[in-house]
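Heads up: the structure comes next, in structure tokens.
The values are calculated or read from the model by the stated rules, or taken from the named source; none is laboratory data. As the structure is a computational prediction, the values presented were derived from the model and not from experiment. Cβ coordinates were reconstructed from backbone atoms using ideal geometry, including for glycine residues, and neighbour counts include every protein chain displayed.
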Amino acid sequence: MRMDLKKDVVSLTDFARNTKQHAKELAAGGRVRILTQNGKASVVVLSLDAFERMAHDAEEYRMDLRLREALESYAAGEAGVAAKTVMGRLRERADQRRTKA
């Protein structure tokens, strides 16, 4: 995500005074705002789209790391976990997520 320092860095006071305008701009552009306090960066505000992209990218990265570890373990000769066991765990997790929602 590219940042435009002239647009994306604002004071906390300015953000508080013009919250509706900043929120509108953030939502329209899927961008971030860095809020400063006493001249120093202190808070980052994200549009929902920007947050969802960042969360998705983080999850993809985490899954890539897990897959890489599994492949390295397999290449090292480790047996791993039986498919039946893995599928059972996945079903349990899916059931837990459904009951939370």
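Could you tell me which of the residues Glu52, Glu78 is over 30 Å from Lys6 (Cβ atoms) and without any contact (Cβ under 8 Å) to a residue 40 or more places away in the chain?
Glu78
Taking the conditions exactly as written (β-branched (Val, Ile, Thr), at pLDDT 90 or above and over 23 Å from the mean Cα position of the chain (by Cα)), does Thr13 satisfy them or not?
It is true that Thr13 is β-branched (Val, Ile, Thr), at pLDDT 90 or above and over 23 Å from the mean Cα position of the chain (by Cα).
Among the residues of the range 82-101, write down those that are part of a helix (DSSP H, G or I) and among the small types (Gly, Ala, Ser).
Ala83, Gly88, Ala94
Residue by residue, here is whether (1) in contact with a Ser or Thr (Cβ under 8 Å, 6 or more places away or on another chain); (2) of a type outside the set (S, T, N, Q); (3) farther than 30 Å from Val9 by Cα holds:
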{"position": "Ala23", "(1), (2), (3)": "no, yes, no"}
{"position": "Gly29", "(1), (2), (3)": "yes, yes, no"}
{"position": "Leu35", "(1), (2), (3)": "yes, yes, no"}
{"position": "Tyr74", "(1), (2), (3)": "no, yes, yes"}
{"position": "Gln96", "(1), (2), (3)": "no, no, yes"}
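Here is a yes/no grid of residues against (1) of a type in the set (Val, Ile, Thr); (2) touching a residue at least 24 places away in the same chain (Cβ under 8 Å); (3) over 30 Å from Ala83 (Cα atoms):
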| site | (1), (2), (3) |
| --- | --- |
| Val10 | yes, yes, yes |
| Asn18 | no, no, yes |
| Ala27 | no, no, yes |
| Ala41 | no, yes, yes |
| Arg62 | no, no, no |
| Arg66 | no, no, no |
| Glu69 | no, no, no |
